[in-house]
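Have a look at the structure below before the remarks.
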Amino acid sequence: MTERLKSELTQSMSILELAMSQLRHSYEICSAIDLKEYYSQEELDDLEAFTSRFAHASDILIQKTLRCLDSMEFEDSGAVLDRIHRAEKRNFVIKDGDLIAVRQLRNKIAHEYIIDSPKIFHEEAILLSKVLFTVHSRLKDYIKKFE
């Protein structure tokens, strides 16, 4: 393994750490908001920030950090689904399919407007943020072997 790959993984983990910190902040705010049909403008603003941070953190994790990890372990990065399956094999997730659900929600966030169905986005993002927190924690433990 080269020093360049180690450096890229370290940099990616630093960026991921910041994104996860911001996500956790929004998660704490939005998990206190009750699920309902109609939200106040302030709640919608909080939910929009939360879902945006969710999408950003999931992109950094799946598109950047897992790709760096694959390079460190001499794996062909392949498609997003390949990276997700390798993360499952590394036991980063509690159950198979969790990261696929994260990716699907990320795509929904990117292509739909939260105001159309805030309750659905709210509920899914709360549940799937826990997946991101778990993967992040397990990933940090896993990469210690490269230090």
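Return a yes/no flag: does region 39-47 have any residue that is in contact (Cβ under 8 Å) with a residue 60 or more places away in the chain, assigned to a loop (DSSP other than H, G, I, E, B) and surrounded by fewer than 21 Cβ atoms within 10 Å (Cβ to Cβ). Yes; the residues of region 39-47 include at least one that is in contact (Cβ under 8 Å) with a residue 60 or more places away in the chain, assigned to a loop (DSSP other than H, G, I, E, B) and surrounded by fewer than 21 Cβ atoms within 10 Å (Cβ to Cβ).
Applying the set (1) surrounded by fewer than 18 Cβ atoms within 10 Å (Cβ to Cβ); (2) in a helix (DSSP H, G or I); (3) in contact (Cβ under 8 Å) with a residue 60 or more places away in the chain; (4) over 12 Å from the mean Cα position of the chain (by Cα) to Gln11 leaves exactly one unmet item: (3).
All of (1) farther than 20 Å from Ile109 by Cβ; (2) of a type outside the set (Lys, Arg); (3) crowded, with 19+ Cβ neighbours inside 10 Å hold for Glu73 with one exception: (3). Within region 106-141, take every residue that is aromatic (Phe, Trp, Tyr) and more than 14 Å from the chain's Cα centre (by Cα) and give me the one that is surrounded by the fewest Cβ atoms within 10 Å (Cβ to Cβ). Once the filter is applied, the top-ranked residue is Tyr113.
Is it the case that some residue within region 10-19 is at pLDDT 95 or above, under 17 Å from Lys130 (Cβ atoms) and touching a His at 6+ places or on another chain (Cβ under 6 Å)? Looking through region 10-19, at least one residue is at pLDDT 95 or above, under 17 Å from Lys130 (Cβ atoms) and touching a His at 6+ places or on another chain (Cβ under 6 Å). In this structure, is Ser71 within 19 Å of Leu9 (Cα to Cα), at pLDDT below 95 and assigned to a helix (DSSP H, G or I)? Taking the combined requirement at face value, the residue satisfies it. Selection within region 75-100: residues that are within 19 Å of Lys144 (Cβ to Cβ) and free of Cβ contacts under 8 Å to residues at least 40 places away in the same chain. The member of this set that is farthest from the chain's Cα centre (by Cα) is Glu75.
The values are calculated or read from the model by the stated rules, or taken from the named source; none is laboratory data. Worth saying up front: this structure is predicted, and the values here are computed from it rather than measured. Cβ sites come from the backbone with ideal geometry, for glycine too, and all protein chains shown count toward neighbours.
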